[in-house]
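To keep things clear, I will list the structure first and then write my remarks on it.
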Protein chains: 2
Amino acid sequence: MLSTAAQLQKGQEYLLAENHEDLENGEKAGLSKALLDRLALNEKRVQGMIRACHEIAALPDPVGRVYDMVVRPEGLRVGRMRVPIGVIGIIYEARPNVTIEASTLCLKSGNAVILRGGSNAFFSNMALVAILKKALAENSVNENLISYIESTDRSAIDEMVVQDDLIHLIIPRGGEGLIRAVAEKSRIPVLKHFKGVCHVYVHKNANLAMALPITVNAKVQRPAVCNAIETLLVDKAIADDFMPAVLQELFAHGVEIRGCEKTRRYSEQVKPAAENDWTEEYLDLVLAVKIVDDLDQAIDHINRYGSAHTDTIVTENIHAAEKFVKNVDSSSVLVNASTRLADGGIYGLGAEIGISTDKLHARGPMGLEELTTYKWIVYGEGHLRS
Amino acid sequence: MLSTAAQLQKGQEYLLAENHEDLENGEKAGLSKALLDRLALNEKRVQGMIRACHEIAALPDPVGRVYDMVVRPEGLRVGRMRVPIGVIGIIYEARPNVTIEASTLCLKSGNAVILRGGSNAFFSNMALVAILKKALAENSVNENLISYIESTDRSAIDEMVVQDDLIHLIIPRGGEGLIRAVAEKSRIPVLKHFKGVCHVYVHKNANLAMALPITVNAKVQRPAVCNAIETLLVDKAIADDFMPAVLQELFAHGVEIRGCEKTRRYSEQVKPAAENDWTEEYLDLVLAVKIVDDLDQAIDHINRYGSAHTDTIVTENIHAAEKFVKNVDSSSVLVNASTRLADGGIYGLGAEIGISTDKLHARGPMGLEELTTYKWIVYGEGHLRS
């Protein structure tokens with residue numbers, strides 16, 4: 001990882017030139033400004049990659065950790081050891097920093113990685129892969145631990161995801177379209193991140209002075225990310241006290257509100273919410289608001305319309321908090337905290353390869369440990385099965 | 001579970017009558033003796049099911065366990081809680097006891113279960129499902145937690161395994177053909193058990209008085225199961241001391257030996273091994289034997305030809321043991337113990353839903369915990385993202 005950081009520093013000029021090529025091609029091809037921005041590298045962004053390499057290098061090695069070791073009645077010692085998964089395929093779009101971060105995380109966890117980046121970032125990615133391979137060679141590590149699928153044809157992905165004898169895990173990173181396309185065709189296990197339709201529920205026993213900043217932070221601190229909220233649920237018992245203040249604050253931050261009928265009574269500025277507003281991931285300064293009868297209705301709403309990503313209750317009541325934690329079926333369930341805190345860094349995972357909305361293997365933020373599996377290790381003294 | 005046990009006792013007569021129907025149909029259809037034996041129920045087998053219900057009832061509840069709870073620097077408390085996976089589909093063949101054991105394990109771990117048993121066991125399974133539903137009703141639990149797909153058409157499976165919005169995990173139990181067919185078509189994660197090509201490697205520093213009974217036990221104690229060995233690897237340094245004794249003992253147990261050229265020097269009874277003998281799961285009293293140069297060659301052989309199921313080294317040398325444990329990429333790696341010990345009961349899991357040869361989510365013997373997932377739980381005091 002430290003060699004990669006050094007090679008990035010050394011190869012920066014070449015990398016920026018190759019990235020420039022991608023940007024020029026992108027402009028000619030009429031890419032949107034947002035896409036071009038994601039694609040663009042500059043000194044600051046390269047420094048960000050270098051910092052990421054240093055951070056990942058400093059994390060504890062997840063491989064080889066032995067845990068749950070017990071001595072069984074017949075004297076057999078049985079435990080588990082964390083081991084690499086094997087070969088991980090990363091399919092992503094136009095962000096070149098994924099090339100560095102995903103590769104470094106996979107290598108740190110002992111895996112080989114096969115990259116397939118977006119065609120718009122082709123020259124940048126080839127330069128980054130060359131840098132990564134130089135760092136491997138410098139440490140006398142087999143360069144083939146990292147490989148890049150150079151074909152920019154979509155059919156290359158289709159072929160990749162049926163190689164279940166060679167690749168052990170696919171992690172697609174990008175928009176919902178890409179992820180669904182990969183998941184549908186893959187014979188290899190896929191760790192997916194679909195959408196984040198996250199909620200704050202303000203319970204009747206909430207401390208409203210806490211509920212207000214949590215709601216605002218969860219919506220406006222960075223609305224375009226998956227753990228920002230899309231729906232606010234307010235208990236009817238405290239609606240009169242809470243709604244005017246929260247609506248005023250949200251409007252002041254430029255948030256468009258789409259509310260249920262009861263919500264609309266509190267302000268004429270509230271637009272009517274349609275059924276599909278409860279399931280929509282706006283990723284923007286838009287918020288659906290519903291006044292609910294009680295805790296049960298809030299839980300039902302979240303489990304029915306949410307995306308099982310991240311949901312928060314604000315309450316002073318321990319029973320309400322525990323019921324919410326127990327019954328909301330989401331990858332992160334929070335009490336008295338902003339949904340924006342659902343993050344591998346904040347949870348202590350160090351670095352994050354992504355957030356899983358799947359239920360198997362890894363759920364929520366995925367760090368290095370989630371890039372490993374385990375094997376059973378057993379020590380006997382001539383033990384037989386009788 | 002205890003209600004199920006009681007209902008099994010009460011419904012035994014009806015169950016055996018329905019099973020008799022299946023057996024008659026099976027005979028008419030010309031099923032093999034082995035298949036008819038798997039299908040047949042009798043009082044002893046019903047008592048076995050009842051005992052399994054009692055054992056599963058006595059296991060600790062895996063759901064709700066909170067672990068890895070830490071206080072993060074900013075004061076947020078972050079941990080994980082075991083929760084049910086959701087809806088689990090079990091696709092199996094003609095063993096009626098799977099109906100009881102799989103359902104009971106899924107329910108104990110908080111999941112709903114959709115069963116699809118083999119058409120040959122149709123009447124037995126319908127009787128068992130009726131018994132299971134009675135037990136649920138008796139406890140005022142929703143009967144739909146268990147459902148059975150009554151269509152005996154293969155296309156019902158094809159339809160089942162693409163319902164990824166409704167079913168969260170598929171566990172196929174049966175022969176390799178069934179499992180491959182399910183895995184290829186499924187859009188739902190599948191926990192698979194392919195074959196068990198397991199090895200004993202007798203290292204040059206082995207205690208031969210220990211190596212001999214381990215080899216024999218691993219091969220002959222129950223040759224038709226997945227954790228019996230199919231290949232014996234013997235270090236060339238101790239071949240002269242070990243081979244005559246082990247061959248004699250194996251022949252005495254009626255084992256057919258297919259050996260490498262060097263092995264054949266020790267007995268004329270040894271048949272020549274072909275390339276495909278190293279990858280074959282005999283499930284019978286047949287054993288492939290190879291003399292290897294050293295530990296590295298043994299590890300390479302196992303990783304190349306084995307099925308990553310269960311492998312053992314016999315050695316007194318700690319460095320050899322640790323190198324083998326570290327480098328053999330199998331779900332269970334044992335030292336000085338018979339491969340037959342790779343088992344959920346022996347590992348302390350209580351009861352086993354199966355053995356996974358997959359790498360994701362669960363590897364090796366799967367117990368109740370492997371039928372759960374986790375969610376992140378986070379407690380703040382008004383914490384925001386800055």
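The values are calculated or read from the model by the stated rules, or taken from the named source; none is laboratory data. Nothing here was measured: the structure is a model prediction, and the numbers come from that model. Cβ atoms come from the backbone with ideal geometry, glycine included; neighbour counts cover every protein chain shown.
Name the helices (runs of 4 or more DSSP H) wholly inside the range A:151-266 in which the number of residues that are modelled with pLDDT of 95 or more is 3 or more.
A:208-220, A:239-252, A:261-264
Would you mind finding the one in B:98, B:46, B:83 that is within 14 Å of chain A (Cβ to nearest Cβ) and at negative phi?
B:83
List every residue pair whose Cβ atoms sit under 6 Å apart, with the two residues 6 or more apart in sequence or on different chains, where the first one lies in the range B:129-155 and is surrounded by fewer than 12 Cβ atoms within 10 Å (Cβ to Cβ) and the second, anywhere, is part of a helix (DSSP H, G or I).
As it stands, the answer is B:139/B:3, since those pairs meet every condition given.
Here are A:207, A:217: which of them is surrounded by 20 or more Cβ atoms within 10 Å (Cβ to Cβ), touching a residue at least 24 places away in the same chain (Cβ under 8 Å) and within 13 Å of another protein chain (Cβ to nearest Cβ)?
A:217
Considering each of B:140, B:147 in turn, give the residue that is hydroxyl-bearing (Ser, Thr, Tyr) and within 27 Å of residue B:23 (Cα to Cα).
Within the list B:140, B:147, the selection yields B:147.
Looking only at the range A:324-342, count every residue that is surrounded by fewer than 20 Cβ atoms within 10 Å (Cβ to Cβ) and more than 8 Å from chain B (Cβ to nearest Cβ) and tell me the total.
1
Out of the range B:238-285, which residues are buried (at least 17 other Cβ atoms within 10 Å of the Cβ), under 25 Å from the mean Cα position of the chain (by Cα) and among the hydrophobic types (A, V, I, L, M, F, W, C)?
B:255, B:278 - these are the residues of the range B:238-285 that are buried (at least 17 other Cβ atoms within 10 Å of the Cβ), under 25 Å from the mean Cα position of the chain (by Cα) and among the hydrophobic types (A, V, I, L, M, F, W, C).
Considering the range B:37-75 alone, what residues qualify as being of a type in the set (Val, Ile, Thr) and surrounded by fewer than 14 Cβ atoms within 10 Å (Cβ to Cβ)?
Matches in the range B:37-75: B:66, B:70, B:71.
If I ask for residues that are hydroxyl-bearing (Ser, Thr, Tyr) and without any contact (Cβ under 8 Å) to a residue 60 or more places away in the chain, which ones from the range B:177-204 would you list?
B:186
Would it be correct to say that residue B:195 is surrounded by fewer than 24 Cβ atoms within 10 Å (Cβ to Cβ) and among the charged types (D, E, K, R)? Talk me through it step by step, then tell me what you get.
Numbers: surrounded by fewer than 24 Cβ atoms within 10 Å (Cβ to Cβ): yes; among the charged types (D, E, K, R): yes.
Yes; evaluated as a whole, the condition is true for this residue.
Where residues in the range A:300-331 are assigned to a loop (DSSP other than H, G, I, E, B) and in contact with a Ser or Thr (Cβ under 7 Å, 6 or more places away or on another chain), which of them is nearest to residue A:279 (Cα to Cα)?
A:306
Quick one: count up the residues across the range B:267-299 that are touching a Lys or Arg at 6+ places or on another chain (Cβ under 6 Å) and in a strand (DSSP E or B).
Within the range B:267-299, residues that are touching a Lys or Arg at 6+ places or on another chain (Cβ under 6 Å) and in a strand (DSSP E or B) number 4.
For the range A:304-346, enumerate the residues that are farther than 22 Å from residue A:232 by Cα and either β-branched (Val, Ile, Thr) or modelled with pLDDT of 95 or more (or both).
Residue satisfying the conditions is A:346 alone.
Surrounded by 19 or more Cβ atoms within 10 Å (Cβ to Cβ) and out of contact with any Asp or Glu (no Cβ under 7 Å at 6 or more places or on another chain): does that describe residue B:386? Walk me through it before giving the result.
Numbers: surrounded by 19 or more Cβ atoms within 10 Å (Cβ to Cβ): no; out of contact with any Asp or Glu (no Cβ under 7 Å at 6 or more places or on another chain): yes.
Criteria not met by residue B:386.
Can you name the number of the only condition in (1) of a type outside the set (Lys, Arg); (2) within 30 Å of residue A:26 (Cβ to Cβ); (3) surrounded by fewer than 18 Cβ atoms within 10 Å (Cβ to Cβ); (4) in contact (Cβ under 8 Å) with a residue 60 or more places away in the chain that residue A:124 fails?
(3)
Taking interchain pairs and intrachain pairs at least six residues apart, which have beta carbon atoms under 7 angstrom, with the first residue in the range B:265-284 and within 13 Å of residue B:195 (Cβ to Cβ) and the second surrounded by fewer than 20 Cβ atoms within 10 Å (Cβ to Cβ) and basic (Lys, Arg)?
From the range B:265-284, the pairs are B:281/B:195.
Take the range A:290-323 and flag every residue that is under 18 Å from residue A:261 (Cβ atoms) and of a type outside the set (S, T, N, Q).
Once the filter is applied, which keeps residues that are under 18 Å from residue A:261 (Cβ atoms) and of a type outside the set (S, T, N, Q), the range A:290-323 yields A:290, A:291, A:292, A:293, A:294, A:298, A:301, A:305.
Go through the range A:343-386 and count every residue that is farther than 21 Å from residue A:54 by Cβ and either in a strand (DSSP E or B) or within 7 Å of another protein chain (Cβ to nearest Cβ) (or both).
21
Got a sec? Which of B:78, B:87 is in contact with a strand residue (DSSP E or B) (Cβ under 6 Å, 6 or more places away or on another chain), surrounded by 13 or more Cβ atoms within 10 Å (Cβ to Cβ), under 28 Å from residue B:120 (Cβ atoms) and in contact (Cβ under 8 Å) with a residue 40 or more places away in the chain?
Unique residue meeting the criteria: B:87.
Given the structure, is residue B:318 in contact with a helix residue (DSSP H, G or I) (Cβ under 8 Å, 6 or more places away or on another chain) and either crowded, with 23+ Cβ neighbours inside 10 Å or of a type in the set (Val, Ile, Thr) (or both)?
Answer is no for this residue.
I want to confirm something. Restricting to the range A:95-110 and keeping residues that are in contact with a Ser or Thr (Cβ under 8 Å, 6 or more places away or on another chain) and not in a helix (DSSP H, G or I), which single residue is nearest to residue A:46 (Cα to Cα)?
Among those that are in contact with a Ser or Thr (Cβ under 8 Å, 6 or more places away or on another chain) and not in a helix (DSSP H, G or I), it is A:96.
Here is a list: B:182, B:162. Which entry is touching a Pro at 6+ places or on another chain (Cβ under 6 Å) and either within 12 Å of chain A (Cβ to nearest Cβ) or of a type in the set (Lys, Arg) (or both)?
None of the others qualify; the one that does is B:182.
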